[in-house]
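As structure tokens, the structure follows; a few thoughts come after it.
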Amino acid sequence: MKFEFQNPTRLVFGAGSLARLGETVRAQGKRALLVTGGGSVKRTGVFDRAVASLKEAGVSVAECAGVEPNPRLSTVVRGARIARDNGCDVIVALGGGSTMDASKVMAAAVFYEGDPWDMIFHGQEKPRPPTRALPIVTVPTLAATGSEMNSGAVITDEKTTIKSFVRADCLYPRVALVDPELTMTVPPDQTAYGVCDLITHVTEGYLNGVDGTPLQDRWAEGTILTAIEWGPKAVANGRDVEARAQVQGASVVALNGWVQIATNAGFPVHTIEHTLSAHHDVAHGAGLAVVNPAWMRFAAKSRPARFAQFAERVFGVACRPGEEASCAREGIDRFEAFLRSIGCPTRLSQLEIGDDKLQQYARDALRIAHDQQGRLPGRPPMTEQDIVEVLRSAL
Ligand code: NZQ
Ligand code: ZN
């Protein structure tokens, strides 16, 4: 095992940490752009508490409200303009993954020469990732994406219906202020989608990574088991702060880089899902709940022992030697049943997606990521037809 790891984001985790927002932001700047989503933080009173804390610490506030789920490029452009017009020197993202992602790209767009879409990896010959951004403080109100403590952001260009990501060191938030109490108002469906999202962040590395990663395997299994134990409790009772804290802790760890160390994995399930949420505006975690089990059934055929390990260690399936393939199938069935049990959709029809654009989704996915043979990176790499077949199996 050989690797380098650095995640420069300071993580402040715990119920009540919102009270520290003012002092935390004041250490980064004096004029904040406070970015929010479609209104949940206003309805819950979290917005007012955040503004009060900022003002008390001597931080003035400009606002960019209305970041939509699956955030759009035009919203990023709008936010960057507000930041520039108001001379903001720090960005505060108060919301779910969409708000945090949009905030990160706004922070970079303030300095970026040209069209901010050029910084997103969307199949262009020479992507131009950003090298400079305003300092960012993230305050997640939903446990799902891990965006609060990573250097990635996912944006949709509404003109071309392409949704893709940017990753750059300057996008690491300076501080992630993670207060599980803020997630207590997330409705059961979004809570379940978040659980699915965090599990899928881990299964991508676990099932697509290089061989010989026993330590990382255990971290991954621990994260998934935590989500399976506490996720249903958070769905059943949103006010269960302990369940909220465990789920949110798992969601941070699932995509802050640690669990994936040296796994060198592609993210095929995500790349495919992003085409669905780009075209149909479905919730990312709901799309993953459909794609992941379908992808697993495809991939297990070429890697049965790996999937048997997943079945055995995560779902307690008793695997006898020589029966890896059936054991793998049983594990995937149990995973899918778990997703259903917490209220996730597992068929495209539940997302009101039909079979008319399967080829288009496959082409869009390959445009974002492909190897030298034009296949989607992962284990195994997928051709356009493989992607179509996986989606067809989920209709
Ligand atoms: O917009 P508001 O009114 O805030 O409502 C949101 C939204 O409707 C609501 N919500 C959030 N916090 C709430 C709440 N409702 C009540 N109480 C609260 N405390 O939940 C809905 C969904 O919010 P959204 O931010 O879209 O969800 P999520 O956190 O799942 O983010 C999804 C986005 O992140 C991207 C996805 O592709 C998608 O665009 N991802 C970002 C990643 C990253 N940066 O590392 C990785 C992920 O794999 C993912 O691709
Ligand atoms: Zn995800």
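The values are calculated or read from the model by the stated rules, or taken from the named source; none is laboratory data. This one's a predicted model, so the numbers in the text were calculated from it and none came from an experiment. In this analysis, Cβ positions are derived from the backbone assuming ideal geometry, glycine residues included, and neighbour counts consider all displayed protein chains.
Would you point out which residue out of ARG340, ARG347 is assigned by TED's automatic domain parsing to the domain that holds CYS196 and in contact (Cβ under 8 Å) with a residue 12 or more places away in the chain?
Going through ARG340, ARG347 in turn, just one is assigned by TED's automatic domain parsing to the domain that holds CYS196 and in contact (Cβ under 8 Å) with a residue 12 or more places away in the chain: ARG347.
Test each condition in (1) hydrophobic (A, V, I, L, M, F, W, C); (2) more than 16 Å from ligand 1 (Cβ to nearest atom); (3) in contact with an Asp or Glu (Cβ under 6 Å, 6 or more places away or on another chain) for ALA153 and report the one that comes out false.
Result: ALA153 passes all but (2).
Report yes if some residue within the range 158-177 is in a helix (DSSP H, G or I) and either without any contact (Cβ under 8 Å) to a residue 24 or more places away in the chain or surrounded by fewer than 20 Cβ atoms within 10 Å (Cβ to Cβ) (or both); otherwise report no.
Yes: one or more hits.
Given the conditions (1) free of Cβ contacts under 8 Å to residues at least 40 places away in the same chain; (2) surrounded by 24 or more Cβ atoms within 10 Å (Cβ to Cβ); (3) not in a helix (DSSP H, G or I), and given that GLU68 satisfies all but one, which numbered condition is not satisfied?
Failing condition for GLU68: (2).
Can you work out which of the residues in the range 107-125 that are over 16 Å from ARG78 (Cα atoms), in contact with a helix residue (DSSP H, G or I) (Cβ under 9 Å, 6 or more places away or on another chain) and assigned to a loop (DSSP other than H, G, I, E, B) is modelled with the highest pLDDT?
Checked the range 107-125; the qualifying residue modelled with the highest pLDDT is ILE120.
Being crowded, with 20+ Cβ neighbours inside 10 Å, among the β-branched types (Val, Ile, Thr) and under 30 Å from VAL166 (Cα atoms) is true for just one of ILE368, ILE342. Which residue is that?
Exactly one of ILE368, ILE342 is crowded, with 20+ Cβ neighbours inside 10 Å, among the β-branched types (Val, Ile, Thr) and under 30 Å from VAL166 (Cα atoms), namely ILE368.
Among the listed residues PHE310, PHE335, which satisfies the condition of being buried (at least 18 other Cβ atoms within 10 Å of the Cβ) and touching a Gly at 6+ places or on another chain (Cβ under 6 Å)?
Exactly one of PHE310, PHE335 is buried (at least 18 other Cβ atoms within 10 Å of the Cβ) and touching a Gly at 6+ places or on another chain (Cβ under 6 Å), namely PHE310.
Looking at ASP101, is it of a type in the set (Asp, Glu) and closer than 26 Å to ASP197 by Cα?
For ASP101, the condition - of a type in the set (Asp, Glu) and closer than 26 Å to ASP197 by Cα - is met.
Based on this model, can you work out whether THR263 counts as of a type outside the set (Asp, Glu) and in a helix (DSSP H, G or I)?
In short, no.
Part of a helix (DSSP H, G or I), surrounded by fewer than 24 Cβ atoms within 10 Å (Cβ to Cβ) and not assigned by TED's automatic domain parsing to the domain that holds LEU255, is that true of LYS104?
So LYS104 fails the test.
Is it true that some residue in the range 215-237 is within 19 Å of ILE368 (Cβ to Cβ) and away from ligand 1 (no atom under 12 Å from the Cβ)?
Within the range 215-237, not a single residue is within 19 Å of ILE368 (Cβ to Cβ) and away from ligand 1 (no atom under 12 Å from the Cβ).
Across the range 35-57, what is the total count of residues that are in a loop (DSSP other than H, G, I, E, B) and under 26 Å from the mean Cα position of the chain (by Cα)?
6
Find all pairs meeting these conditions: Cβ atoms under 7 angstrom apart; at least six residues apart or on different chains; first residue within the range 7-34 and in a helix (DSSP H, G or I); second residue basic (Lys, Arg).
LEU18/ARG49
Is it the case, given these coordinates, that GLY257 is over 28 Å from ILE120 (Cα atoms), of a type outside the set (Asp, Glu) and more than 10 Å from ligand 1 (Cβ to nearest atom)?
When the stated conditions are applied, GLY257 does not pass them.
From the list THR131, THR138, THR145, which one is part of a strand (DSSP E or B) and either over 23 Å from VAL252 (Cβ atoms) or within 13 Å of ligand 1 (Cβ to nearest atom) (or both)?
When all the criteria are applied, what remains is THR138.
Please determine whether any residue of the range 203-225 is at pLDDT 95 or above, basic (Lys, Arg) and surrounded by 22 or more Cβ atoms within 10 Å (Cβ to Cβ).
Looking for residues that are at pLDDT 95 or above, basic (Lys, Arg) and surrounded by 22 or more Cβ atoms within 10 Å (Cβ to Cβ), one finds none in the range 203-225, hence no.
Give me a count of the residues in the range 71-85 that are crowded, with 18+ Cβ neighbours inside 10 Å, in a helix (DSSP H, G or I) and within 16 Å of ligand 1 (Cβ to nearest atom).
4
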